[in-house]
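Asker: Can you read through this structure? Questions will come right after.
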Amino acid sequence: MPENTSRINCKVLANRIRGHALRMTHGAKSSHIGGCLSIADLLGVLYGKVLKVNPTRPDWPDRDRFVLSKGHAAAVFYATLAEQNFFPLEWLNTYCQDGSPLGGHATRGIPGVEVSTGSLGHGLPISCGMALAGKRDRQSYRVFALLSDGECDEGSTWEAVLFAPHHKLDNLVAIVDYNKIQSFGTVEEVLGLEPLAKKWQAFGWTVTEINGHDFEQIEKALFSVPFEVRKPSCIIAHTVKGKGVSFMENQLPWHYRHPNDEELHQALAELGVSE
Ligand SMILES: Cc1ncc(C[n+]2csc(CCOP(=O)(O)OP(=O)(O)O)c2C)c(N)n1
Ligand SMILES: [Mg+2]
């Protein structure tokens, strides 16, 4: 079975993609570095170990599907795909520049990107469709959707949360990046979600809560899916927006701000990656 051939240590991968995302948002003067850094460890494990994908054949029919529902975190997603050889690393230098294939939100057509996302609240509904198609076609692939906590404010997300258990989609995994911050305020200030796990459970999902920066916990959860047969799985990952860069952690402005020269230098030094 063709699978990802370029597997590297998940922690190393997570650190590298943090470095790329910092350089990309600095170079493009673009937003969303905070929400990129909160999912780097999840992406490191997903692409380093879990997903059955093949960069030389991105449309391999049996591949697992990954949907970055929080499509504004495109920089770190593109960095992951480039590190995994879906396309050349050099493309990352063109991020958000005129004529580049890589825009500021995840875009279908770029090798490894299943769905265009960025308009929040669509990733889980689309993932439900993919999972239902897989069941009906008797395919073995799984569908992993990575959502933001902000997307749990949206009705379309909750329609999908209702839909998946009804259709017994145990090939579907929703991962919530619960970094507790949205664009202009904390989740608690904007629209509180608690008790979040109980809400997903009440809709019929099997739920586990993890520290989304603890590699053992991430791996254990992702290798245990489906948690129950005939039920979709939800992983609520408690994360830190801006994780890995001291002055970005839990700081609201880094949803929109890009690092200047000095901040980039300091951030890369903290991560121990080259300029
Ligand atoms: C439907 C929709 N409404 C508004 C936006 C603008 N927007 C971009 S990111 C964001 C919220 C950021 O918070 P969250 O969703 O929690 O993302 P994260 O913290 O993971 O970056 C919003 C409202 C959007 N992309 N799509
Ligand atoms: Mg958030």
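The values are calculated or read from the model by the stated rules, or taken from the named source; none is laboratory data. This is a predicted model, so every value here is computed, not measured. Don't worry about glycine lacking a Cβ; one is built from the backbone with ideal geometry, like all the others, and counts go over all protein chains shown. Remember, those area values only see protein heavy atoms, side chains included, never the ligands or the DNA or RNA. Shrake-Rupley method; radii C 1.70, N 1.55, O 1.52, S 1.80 Å.
Asker: How much area per residue is accessible in the range 69-118 when the probe is 1.4 Å and only protein heavy atoms are counted (Å²)?
Answerer: 37 Å²
Asker: May I pose another question? Starting from the eigenvalues of the Cα gyration tensor, five times each then square-rooted, give me the equivalent ellipsoid semi-axes of the range 41-108, largest first, whole Å.
Answerer: 20, 13, 12
Asker: Please compute the modelled spin-label separation between residue 260 and residue 97, points set 7 Å along Cα→Cβ, answer in nm with one decimal.
Answerer: 2.3 nm
Asker: What distance in nm separates the simple spin-label points at residue 12 and residue 60, each placed 7 Å from Cα in the Cβ direction?
Answerer: 2.1 nm
Asker: Another question about this same structure. Summarise the accessible area of the range 126-225 (1.4 Å probe, protein heavy atoms) by the percent that is carbon and sulfur.
Answerer: 52 percent
Asker: Something else about it: Length gain on complete extension for the stretch residue 214 to residue 52, per 0.36 nm per residue less the alpha carbon to alpha carbon distance?
Answerer: This chain segment gains 56.2 nm when fully extended.
Asker: Another question about this same structure. Any number yet on Rg/Rh for the range 146-271, C-alpha, Kirkwood?
Answerer: 1.04
Asker: Here is a further query. Taking Rh as the Kirkwood radius, which is the inverse of the mean 1/r over Cα pairs, what is the Rg/Rh value for the range 1-125?
Answerer: 0.93
Asker: Using only the alpha-carbon atoms, how far is helix 10-28 inclined from the longest principal axis of the chain? Give it as 0 to 90 degrees, nearest 10.
Answerer: 60 degrees
Asker: Calculate, for the range 156-229, the solvent-accessible area per residue in square angstrom, rolling a 1.4 angstrom probe over the heavy atoms of the protein chains.
Answerer: Computed with neighbouring chains in place, this is 49 Å² per residue.
Asker: Positive end of the charge dipole of the range 1-82 (Lys, Arg +1 and Asp, Glu -1 on Cβ, about the Cα centre): tell me which of 44, 68, 17 has its Cα farthest that way.
Answerer: Sorting the options by dipole projection puts first 17.
Asker: Which longest run of the chain has no exposed loop site in it, a site being chymotrypsin sites (Phe, Trp or Tyr not before Pro) in a DSSP loop with at most 12 other beta carbons within 10 Å, and the site itself not part of the run?
Answerer: Here the longest run is 1-183.
Asker: In the range 99-164, what trypsin sites (Lys or Arg not before Pro) fall in a loop by DSSP, with at most 12 other Cβ atoms inside 10 Å?
Answerer: 138
Asker: Still on this structure, please answer the following. By the scheme Lys and Arg +1, Asp and Glu -1, what is the net charge of all other residues having a beta-carbon under 15 Å from that of residue 165?
Answerer: Counting the neighbours of residue 165, the net charge comes to +3.
Asker: Treating the beta-carbon of each Lys and Arg as +1 and of each Asp and Glu as -1, no other charges, what is the dipole magnitude of the chain about its Cα centre, to the nearest 20 debye?
Answerer: With Lys and Arg at +1 and Asp and Glu at -1, about 880 debye.
Asker: Under 1.5 on a/c is rounded, so check that first for the range 107-218, then, if it is not, pick prolate when a/b is larger than b/c and oblate when it is not; a ≥ b ≥ c are the square roots of the alpha carbon gyration tensor eigenvalues.
Answerer: It is prolate, given that a/c is not under 1.5 and a/b is the larger ratio.
Asker: Just want to confirm a number: the relative contact order over the chain, from Cα pairs under 8 angstrom separated by 6+ residues, in percent.
Answerer: 23 percent.
Asker: Sticking with the crude label model, points 7 Å out along Cα→Cβ, report the distance from residue 136 to residue 29 in nm, one decimal please.
Answerer: Reported label-point gap for residue 136 and residue 29 is 4.8 nm.
Asker: Restricting to DSSP loop positions (anything but H, G, I, E, B) with no more than 14 other Cβ atoms inside 10 Å of their own Cβ, which trypsin sites (Lys or Arg not before Pro) remain in the range 175-275?
Answerer: For trypsin sites (Lys or Arg not before Pro) across the range 175-275 that sit outside H, G, I, E and B with at most 14 neighbouring Cβ atoms in 10 Å, the list reads 230.
Asker: When the Debye formula is applied to the Cα atoms of the chain, each taken as the same point scatterer, what base-10 log of I(q)/I(0) results at q = 0.10, 0.12, 0.15 Å⁻¹?
Answerer: Cα-only, vacuum Debye calculation for the chain: -0.46, -0.67, -1.08.
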